[in-house]
Number of protein chains: 2
Amino acid sequence: MSRKGEQSRERILAAAKELALRKGFAGMSVDDILAAAGVSKGAFFHHFRSRADLAAQLIRWYAEADIRMLRTLVAEAEAAQDGAMAQLLQILGAFEAQLRDPGTAPRGCMYALYSYEEEQFDEEVRALVAEAFRAWTALFIRKFQEMIDAQPPARPVTAKALAEMFVSVIEGGLILQRAHGIPGLAARQSAQFRGYLELLFPRPPQAEG
Amino acid sequence: MSRKGEQSRERILAAAKELALRKGFAGMSVDDILAAAGVSKGAFFHHFRSRADLAAQLIRWYAEADIRMLRTLVAEAEAAQDGAMAQLLQILGAFEAQLRDPGTAPRGCMYALYSYEEEQFDEEVRALVAEAFRAWTALFIRKFQEMIDAQPPARPVTAKALAEMFVSVIEGGLILQRAHGIPGLAARQSAQFRGYLELLFPRPPQAEG
DNA sequence: GGTTGATCAGACCATCTGGTCTGTTCCGAA
DNA sequence: TTCGGAACAGACCAGATGGTCTGATCAACC
């Protein structure tokens with residue numbers, strides 16, 4: 001694929017993502033995408049065999065960038081901090097910063113959208129969504145397990161339950177944030193979750209000076 | 001509106017709800033609804049001026065039943081229990097039971113769906129969704145405030161933050177539950193949230209016997 | 001028994017939509 | 001310089017879709 005061709009493809013995917021997060025996947029027509037991306041119908045069907053093919057490529061493209069971002073946050077935290085708790089707090093903090101920054105704040109989560117419109121998509125696409133969620137939780141499960149191993153939680157919890165709760169709280173926060181038009185709401189949910197973590201894993205009383 | 005007319009209207013709304021929660025609002029056509037509800041096009045457009053009118057009536061109808069259900073749970077808990085904590089635990093417990101029971105478990109939340117497809121709807125419909133969320137959180141804010149007044153939390157939190165977190169965790173749980181095909185996931189999120197509450201408001205050590 | 005309005009049934013229509021097809025442009029390799 | 005395929009541009013089409021309209025049915029009420 002030439003440079004130009006790849007550019008068009010990205011333009012289409014980016015436009016489709018924006019539109020889908022505003023009107024739903026079924027709520028946007030191919031013509032809508034063409035207008036938003038500034039490409040012709042010929043270009044579109046050159047890069048995508050069909051609308052269903054767009055759905056598959058879109059979620060794949062979105063998930064790649066998404067997972068890459070998360071992995072970066074984790075790697076940076078692991079490089080900068082010692083100990084699972086400090087790393088987790090940095091990961092969550094960096095994530096909240098992205099949620100708050102108007103430049104990077106997402107309009108919503110594509111996985112959530114696809115989940116709510118699931119019957120439009122075939123088994124392969126649904127599997128991609130489930131796999132993306134699994135990748136998210138897997139990264140957090142690892143970290144939470146390290147924490148539980150390092151320090152017994154104040155209440156019996158599993159790493160998996162904590163990871164699922166974090167993802168839930170973010171997904172739910174994104175919905176509330178849209179419904180109320182309050183951009184910072186999802187970030188606040190993440191902060192609340194940190195509060196839960198601090199109660200679960202209280203810092204050992206440090207020497208005061 | 002005669003008995004028969006009202007019945008048809010309900011059949012249409014129920015079918016539309018089911019379909020919307022499976023394919024998204026934009027993902028279902030009027031003909032889909034007709035087939036699912038077993039009514040004619042004439043019947044449909046007798047009860048609904050347009051597709052947009054269906055959207056408005058549907059969310060109104062859904063929200064009415066939803067808020068009524070929540071109010072019932074709260075009233076029952078207030079009648080059966082003394083103290084905000086005991087009432088809250090009963091409310092959450094009853095709610096989790098509904099989430100788990102295959103007979104009453106929702107396929108998803110209509111507010112979430114409407115939020116993710118928001119640009120399809122006019123300002124009035126979006127306001128209805130926001131208002132529904134507000135009604136949910138308002139009920140919980142009251143209860144959480146009672147708890148905070150009765151017992152200082154282990155960490156400084158506001159009643160509003162707790163209420164928003166609960167709603168978030170449920171909404172997110174419903175999404176994960178769909179994506180993974182695990183019916184009990186949302187209920188588990190509510191249970192996790194109860195764990196958070198127990199850490200925030202630890203029971204005073206009781207006399208053991 | 002006749003009238004009236006609510007409640008439909010379903011043919012019909014204009015528009016929209018996904019997708020096809022033909023022709024054109026452009027760019028790198030030979 | 002030529003040539004072949006990638007990368008479009010946009011007219012075109014068949015079917016789907018939202019919505020209209022005419023007429024039928026039926027219960028209630030005078």
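Per-structure values
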| item | result |
| --- | --- |
| Among the candidates A:100, A:126, residue that is closer than 30 Å to residue A:27 by Cα, buried (at least 18 other Cβ atoms within 10 Å of the Cβ) and among the basic types (Lys, Arg) | A:126 |
| Odd one out for residue B:31, checked against (1) open to solvent by less than 60 Å² (accessible area, probe 1.4 Å); (2) within 16 Å of DNA strand C (Cβ to nearest atom); (3) outside the structural domain of residue B:105 (by TED's automatic domain parsing) | (1) |
| Any pair with Cβ under 7 angstrom, 6 or more apart, that starts in the stretch B:102-119 at a residue that is at the interface with another protein chain (Cβ under 10 Å from one of its Cβ atoms) and farther than 15 Å from residue A:181 by Cβ and ends at one that is open to solvent by 10 Å² or more (accessible area, probe 1.4 Å) and assigned to a loop (DSSP other than H, G, I, E, B) | B:117/A:27; B:117/B:26 |
| Residues satisfying the stated conditions in the stretch A:175-200, i.e. over 17 Å from residue B:169 (Cβ atoms) and either assigned to a helix (DSSP H, G or I) or not assigned by TED's automatic domain parsing to the domain that holds residue A:107 (or both) | A:198 |
| Matching residues in the stretch B:129-146 - criterion: being of a type in the set (D, E, K, R) and open to solvent by less than 10 Å² (accessible area, probe 1.4 Å) | B:143 |
| Filter result (open to solvent by 40 Å² or more (accessible area, probe 1.4 Å) and within 12 Å of DNA strand C (Cβ to nearest atom)) within the stretch A:38-73 | A:40, A:41, A:42, A:45, A:46, A:49, A:50, A:51, A:52 |
| Test: residue in the stretch A:34-48 that is within 14 Å of DNA strand D (Cβ to nearest atom), free of Cβ contacts under 8 Å to residues at least 60 places away in the same chain and under 26 Å from residue A:179 (Cα atoms) | yes |
| From B:10, B:18, residue being under 22 Å from the mean Cα position of the chain (by Cα), within 22 Å of residue A:114 (Cα to Cα), outside the structural domain of residue B:114 (by TED's automatic domain parsing) and more than 13 Å from DNA strand D (Cβ to nearest atom) | B:18 |
| Pairs where the first residue, in the stretch B:175-201, is more than 7 Å from every other protein chain (Cβ to nearest Cβ) and open to solvent by 10 Å² or more (accessible area, probe 1.4 Å) and the second is assigned to a helix (DSSP H, G or I) and not aliphatic (A, V, I, L, M), C-beta under 6 Å, 6+ apart | B:184/B:100 |
| Single match in B:82, B:66 (criterion: in contact (Cβ under 8 Å) with a residue 60 or more places away in the chain and away from DNA strand D (no atom under 16 Å from the Cβ)) | B:66 |
| Single condition residue B:172 does not satisfy, out of (1) more than 8 Å from every other protein chain (Cβ to nearest Cβ); (2) in a helix (DSSP H, G or I); (3) of a type outside the set (Asp, Glu) | (1) |
| Criterion: in contact with a Lys or Arg (Cβ under 8 Å, 6 or more places away or on another chain) and within 14 Å of another protein chain (Cβ to nearest Cβ) - qualifying residue of B:88, B:128 | B:128 |
| Test: residue A:157 is outside any helix (DSSP H, G or I), within 25 Å of residue B:179 (Cβ to Cβ), at pLDDT 95 or above and of a type outside the set (D, E, K, R) | yes |
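The values are calculated or read from the model by the stated rules, or taken from the named source; none is laboratory data. All values derive from a computational prediction rather than experimental measurement. Virtual Cβ from ideal backbone geometry, glycine too; neighbours counted across all protein chains shown. The protein model used for the area step is the full one, side chains on, heavy atoms only, and it has no ligands, DNA or RNA in it. Shrake-Rupley method; radii C 1.70, N 1.55, O 1.52, S 1.80 Å.
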